[in-house]
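The values are calculated or read from the model by the stated rules, or taken from the named source; none is laboratory data. What you see is a predicted model, and the numbers here were worked out from it, not measured in a lab. Positions of Cβ are generated from backbone atoms using ideal geometry, with glycine treated the same way; all protein chains shown enter the neighbour counts.
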Amino acid sequence: VIKMADLDLSGKRVLIREDLNVPVKEGKVTSDARIRASLPTIKLALEKGAKVMVMSHLGRPTEGEYDAQYSLQPVVDYLNDALEQHVRLETDYLDGVDVADNEVVVFENVRFNVGEKKDDETLSKKLAALCDVYVMDAFGTAHRAQASTHGVGLFAPVACAGPLLAAELDALGKALDNPARPLVAIVGGSKVSTKLTVLDSLSKVVDQLVAGGGIANTFIAAAGHAVGKSLYEKDLIAEATKLTEAARSNDGDIPVPTDVVVGSEFSESAVATIKNVSEVTDEDMIFDIGPDTANTLAKIIERAGTVVWNGPVGVFEFDQFGNGTEAIANAIAKSNAFSIAGGGDTLAAIDKYGVADDISYISTGGGAFLEFLEGKKLPAVAMLEKRASV
Ligand code: 3PG
């Protein structure tokens, strides 16, 4: 693909699609990771002398309606401070917008526009007409074929990848295409069903696939143990067995926890009890992996050449069920492996245990990160490749 870093942008109208879909509470941004990740791109465009237009979605508003709770104003306030220059929010931009050299204008939530989500051609052409160069930099939204992430790129005079998107693709490619072995993937979260495709594609390429959280419970049940009242998916037990067999036939494995931490209710004050995995009773709910399992996994991670992490292995929001996730986070941080992590809960865990600086690459993608792990071609990337090939 063509890269923004290689282009002369002096005096050009440059329209950058970022993923500034961040949590907002009472008009303030509560987690700025995605905005911080996009700052180098915006700064580079300014350094190159561009007239900078930035667009993003925020949340999932009803199309065709302005809705203040989904306004990008809090993001614009943040950018004002971070860039130390006046940043303007433009609500009315589809029929043309004035931008001066070295100015930054942010377009109001692109999902207020009719046709955004269905990748409408008329809308895409309007967006394309606003710029000389379209920069796709929103890795977090690269799995959506929408007017601002895909359609606009088909019609803009030039379409290129921004530095953040390029860095994400490089890091993920390094982890999966030709990884330093052993390749270890940790997939946590509550349900096998939402991660089935990821588990399926990873089970074919990784050396060790560590299942955590509710997902692990289904694997524990598949191994013939009782899981009591734990969250698990009975109808996916056969699938879990198949995944384990697939991993083993590939010289890999999906290790089943040997011990677990149980509680009797899902609550902040639930008492945590460590049990051997064969001792779980009808009343128990499994909320974390046990210390022996955490130790075993830490050793697997220590020996890894590459680690891919998506999803906590326990209910880490409650401290008494957070030891497993903390142990995984620390093991990744200590390991010399090339490590990559992504997903909202994973990032929250990384923050909680303060290991962000010791992870090789933290992705800004949630759904996009998963789709990449699933081996899917992201539509926005396919568009950039198509534009680069003609
Ligand atoms: C995300 O938060 O994963 C991205 O911003 C995409 O948002 P969406 O799932 O609403 O398309």
| task | Assess whether T258 counts as being under 15 Å from K229 (Cβ atoms) and modelled with pLDDT of 95 or more. | result | no
| task | Looking only at the range 170-191, decide whether some residue is within 16 Å of the ligand (Cβ to nearest atom) and under 30 Å from E65 (Cβ atoms). | result | no
| said: I'd like to check something: does the range 212-233 contain any residue that is under 16 Å from G324 (Cβ atoms), without any contact (Cβ under 8 Å) to a residue 40 or more places away in the chain, part of a helix (DSSP H, G or I) and touching a helix residue (DSSP H, G or I) at 6+ places or on another chain (Cβ under 7 Å)? | reply: yes
| Among the residues of the range 331-338, is any crowded, with 24+ Cβ neighbours inside 10 Å and of a type in the set (S, T, N, Q)? | no
| request: All but one of (1) in a strand (DSSP E or B); (2) of a type in the set (V, I, T); (3) closer than 30 Å to S278 by Cα hold for T194, so report the exception by its number. | output: (1)
| field | the range 354-377 - residue that is crowded, with 19+ Cβ neighbours inside 10 Å and free of Cβ contacts under 8 Å to residues at least 60 places away in the same chain and, of those, nearest to S31 (Cα to Cα) | value | V355
| message | Could you tell me how many of the residues in the range 110-141 are within 13 Å of the ligand (Cβ to nearest atom) and either part of a helix (DSSP H, G or I) or among the small types (G, A, S) (or both)? | response | 6
| Filter result (of a type in the set (G, A, S), within 17 Å of the chain's Cα centre (by Cα) and under 16 Å from K234 (Cα atoms)) within the range 172-217 | S190
| remark: Those residues of the range 344-353 that are crowded, with 16+ Cβ neighbours inside 10 Å and either among the aromatic types (F, W, Y) or more than 14 Å from the ligand (Cβ to nearest atom) (or both) come to a total of 4
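Here's the yes/no breakdown for (1) closer than 30 Å to P40 by Cα; (2) modelled with pLDDT of 95 or more:
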site	(1), (2)
G162	yes, yes
L169	yes, yes
A180	yes, yes
S190	no, no
K204	no, no
A221	no, yes
S230	no, yes
A246	no, no
| query | Here are some residues: L172, L123, L154, L165. Which one is surrounded by 23 or more Cβ atoms within 10 Å (Cβ to Cβ) and closer than 27 Å to E371 by Cα? | reply | L165
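Let's see how each residue does on (1) more than 20 Å from I220 (Cβ to Cβ); (2) within 16 Å of the ligand (Cβ to nearest atom):
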residue: D259; (1), (2): no, no
residue: E265; (1), (2): no, no
residue: D282; (1), (2): no, no
residue: A294; (1), (2): no, no
residue: R303; (1), (2): yes, no
residue: W309; (1), (2): yes, no
residue: G324; (1), (2): no, no
residue: A368; (1), (2): yes, yes
